[in-house]
Amino acid sequence: MSIHVRYLIYFLIMKFKLFIFLSLFAYIANPALADKGNKEISFYTGTFDVIDKEGDDQTSLFGVEHKNPNLFRNTFLGKFSPVSGGFMTGNNSIYLYTGVEAQYGVGPLKILPSFTPGYYEKGNGKDLGSALEFKSEIKLGLDIFESSNIGYSYSHISNNEWGETNPGTDNQQITFSKNF
């Protein structure tokens, strides 16, 4: 098989994955498919591999995240909710994840730590050593309207030494969240 055919097949597979990813979140965000007020959608953009010393793997990222406020549970450790989402980098790397997020509030300021295992595919980007990767994140959000929030988050993704290598990556994002 020629190299041009391989690139065409790879390109089509990457675009198909992006189509599935965006279709999933379009379904979640469609108010006709569910009761109003029971989901929070976040859009974020930022830098992937922000502290890359060589600078060769650093790129942009864009992602979408979903939370259902009806699933928040108050525990003695705080308020917890399931969270799912994914992002794509400028180098066609994809990370799809689901996990748990805690929420602590101080007036309009929200502190949101999370832990989300997920599936990573390197595309043309950084090889993280494994398809199974774990994302630890801390997000600071500020309520700007009754049902909207803007925030900053910092995350670390690594495979906990389960892969062939474990270079890890640190990322930072600006987030906009809206309750629907």
What are the pairs, 6+ residues apart or on separate chains, where a residue within the stretch 93-115 that is farther than 14 Å from Gly151 by Cβ has its Cβ under 7 Å from a residue that is assigned to a loop (DSSP other than H, G, I, E, B) and modelled with pLDDT of 90 or more?
Ser93/Lys122; Ser93/Gly123; Ser93/Gly125; Ser93/Lys126; Ile94/Gly123
Checklist (1) closer than 19 Å to Ser114 by Cα; (2) surrounded by fewer than 22 Cβ atoms within 10 Å (Cβ to Cβ) applied to Lys67, failing item:
(2)
Residues (assigned to a loop (DSSP other than H, G, I, E, B) and either in contact with a helix residue (DSSP H, G or I) (Cβ under 9 Å, 6 or more places away or on another chain) or surrounded by 19 or more Cβ atoms within 10 Å (Cβ to Cβ) (or both)) located in the stretch 70-108:
Asn92, Ser93
Unmet criterion (only one of (1) basic (Lys, Arg); (2) surrounded by fewer than 17 Cβ atoms within 10 Å (Cβ to Cβ); (3) within 12 Å of the chain's Cα centre (by Cα)) for Lys178
(3)
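Per-residue answers, yes or no, for (1) within 19 Å of Ser81 (Cβ to Cβ); (2) part of a strand (DSSP E or B); (3) β-branched (Val, Ile, Thr); (4) out of contact with any Cys (no Cβ under 6 Å at 6 or more places or on another chain):
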site	(1), (2), (3), (4)
Tyr119	no, yes, no, yes
Gly125	no, no, no, yes
Gly129	no, no, no, yes
Phe134	yes, yes, no, yes
Lys139	yes, yes, no, yes
Ile157	no, yes, yes, yes
Trp162	no, no, no, yes
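The values are calculated or read from the model by the stated rules, or taken from the named source; none is laboratory data. All values derive from a computational prediction rather than experimental measurement. Cβ coordinates were reconstructed from backbone atoms using ideal geometry, including for glycine residues, and neighbour counts include every protein chain displayed.
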